[in-house]
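*Asks:* Here you go, one structure.
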Amino acid sequence: MPFLNEAEPRVVVIVEPLCGQEKCRTRVRQDTVRMMSGPRGPDGRPQYTDPLVVETVMSCKVCAKAEGVKKCGRCRAVAYCGREHQKQDWPIHKPGCIPWAE
C-alpha cells in the first residue's frame, strides 16, 4: 500500500499465509480489517499508532463496487453492495463466515 504523499514515502506490503480453506481466508481478512482500522484525528485522517495501520476500503465481494457497501454482520470480513449479491455469494461465504472476535 503506497504512502507516496507522506514526508517519507514508503510502500507497505502485507503477506499472510493461507491454508486454502474459506475459514482461514476469513480469519486473514478479519485480521487485515482490524489492523487497517484505527483511530482518526480531528482532520479525519487516520492516526497511525503502528506503521502497519492503514485505512481500508472494502468493496463488494461479487462485483467490486466500493460505494455504499455493507460488511457481513457476522464476520465483518467481506462486504456487499446489496442483498442480492450477499445472497448470491452466501453458499461460497457461509463455510468460512466465522464470528468477528473482539
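The values are calculated or read from the model by the stated rules, or taken from the named source; none is laboratory data. Here the structure is a predicted model, which is why all the values come from computation and not from measurement. Using ideal geometry, Cβ is built from the backbone for each residue, glycine included, and neighbour counts are taken over all protein chains shown.
*Asks:* Taking ILE98 and the conditions (1) surrounded by fewer than 14 Cβ atoms within 10 Å (Cβ to Cβ); (2) modelled with pLDDT of 85 or more; (3) of a type in the set (Val, Ile, Thr), which numbered condition does it fall short on, given that it satisfies the others?
*Replies:* All conditions are met except number (1).
Residue by residue, here is whether (1) modelled with pLDDT of 70 or more; (2) of a type in the set (A, V, I, L, M) holds:
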{"position": "PRO9", "(1), (2)": "no, no"}
{"position": "CYS19", "(1), (2)": "yes, no"}
{"position": "THR32", "(1), (2)": "yes, no"}
{"position": "MET35", "(1), (2)": "no, yes"}
{"position": "ASP43", "(1), (2)": "no, no"}
{"position": "ILE92", "(1), (2)": "yes, yes"}
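*Asks:* Residue check: is GLU55 under 15 Å from the mean Cα position of the chain (by Cα), surrounded by fewer than 12 Cβ atoms within 10 Å (Cβ to Cβ) and modelled with pLDDT under 90?
*Replies:* No; evaluated as a whole, the condition is false for this residue.
*Asks:* Continuing with the same structure: Among the residues of region 58-77, write down those that are touching a His at 6+ places or on another chain (Cβ under 6 Å) and at pLDDT below 90.
*Replies:* none
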